[in-house]
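S.K.: My questions will all concern the structure given below.
Read-outs: derived from the displayed coordinates by stated rules, not from any lab. This structure is a prediction, so every number in the text was calculated from the model and none was measured. Glycine gets a Cβ as well: all are built from the backbone with ideal geometry, and neighbour counts include every protein chain shown.
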Amino acid sequence: MGPVELLHMSVFSQSFSPCGRFLAAGNNYGEIALFSLSAALSPDATGLSQKPVLTFTAHEGPVFSLLSTDCHLLSAGNGEVSAWSWTELIKKNVKPLWTKRPNYKSSLEIPEINSMTINSRDNSLIVGGGDNNLHVLDLEHGVFKAVLQGHSDYVHCVTMREREAEILSGGEDGAVRMWDSRTAQSVHCIDVYKYESCARPQFGKWISCLTTDSDWMLCGGGPSLSLWHLRSLSPTSTFPLSGCQRQAAFYQDMILAVGEGPFVSHCLLGGDVKAQIPCSPQSLNTLQLNTNSTEHRVLTVGGSSAHIDVFTNLSYRAFSLSF
């Protein structure tokens, strides 16, 4: 990879290994890099410890989504999902276990897959992307078993509301849809941009980030990042963050958010922005908390740069990994 490619690199996705010792990151060139967190966090770490232990081309287009199961890394690119064995990747064997493509209506255009989530109740994978639909892959039998239709434009984000067995999806059409995973039917639809407290017509109506912890939902994009109570389907807090947010997460009694701007925002549930911690990329796409290992408990963020910032303490950037 030359200096020009490195200069124009964007990191779109990240996922920690099940053991929590490795981080996989996907970029706009279809590459996945594997970093050893144990090496990078060790007292004897050198500059080399912050480089990948393995980089390989996984897809033809950008790797917009990465996800880990108990033993596999799932990656999504140009209309396909591939599975890789974590054990084999750590041994530097880069052969996919399988690659699947949803049943798209047209074979002419290959819609990108923007987001994936696991439904642990029935061991299925839900993927959302450029064909406006959600596709459900039965991981046990390796077949796509359902299509969830309802969005009128492409799907940016999907997440699982575990306790209620509901799938939530956000799209370019400005809607957050809630689906019953057992019947594959849409049960609620919230047009976030129609709520005055959230609307920002100057940015558009698209929903680019969505996350839930059963009773509560965070969503944003064109509309302001907002916290919703899912039982009453109403917004309770709106966060005064400039630009569009691309990923957000609940963390203890706070909300962490990244998007346009070189910082991680720490927000209080009531709507206040408590802090904005500087990062090296000028704009951010992805934020991940490593909960798989107490020894390597870090926050990592990536965006419009070949660098992935690592926070061992949420209040400052410790160092950066780089492709």
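S.K.: Taking GluC sites (Glu not before Pro) as exposed when DSSP calls them loop (any state but H, G, I, E, B) and at most 16 other Cβ atoms lie within 10 Å, what is the longest stretch of the chain free of them, the sites themselves excluded? Don't jump to the answer; show the numbers that get you there.
M.R.: Working: sites that count: 60, 109, 140, 196, 295.
Here the longest run is 197-294.
S.K.: While we're here: GNM on the chain, C-alpha springs below 10 Å: top fluctuator among 254, 178, 217?
M.R.: 254
S.K.: Test of the criteria: in the range 65-162, which trypsin sites (Lys or Arg not before Pro) are in a DSSP loop and have at most 13 other Cβ atoms within 10 angstrom of their Cβ?
M.R.: Details: sites: 91, 92, 100, 105, 121, 145, 161; in loops: 91, 92, 105, 121.
Counting only loop positions with at most 13 other Cβ atoms within 10 Å, the trypsin sites (Lys or Arg not before Pro) in the range 65-162 are 91, 92, 105, 121.
S.K.: Next question, about the same structure. Using Cα springs under 10 Å in a Gaussian network model of the chain, which residue among 49, 242, 15 shows the largest mean-square fluctuation?
M.R.: Its mean-square fluctuation being the largest, the pick is 242.
S.K.: To continue, here is another question. Build a GNM of the chain with springs between Cα atoms under 10 Å: which of 201, 52, 278 gets the top mean-square fluctuation?
M.R.: Judging by the Gaussian network model, the answer is 201.
S.K.: Quick one: check the C-alpha center-to-center distance for the range 1-42 versus the range 45-93, whole angstrom.
M.R.: Centre-to-centre (Cα) distance: 8 Å.
S.K.: With charges set only on the Cβ (+1 for Lys and Arg, -1 for Asp and Glu), what does the dipole of the range 132-250 come to about its Cα centre, in debye to the nearest 20?
M.R.: Details: 10 positive and 13 negative charges, 43 e Å.
The dipole magnitude comes to about 200 debye.
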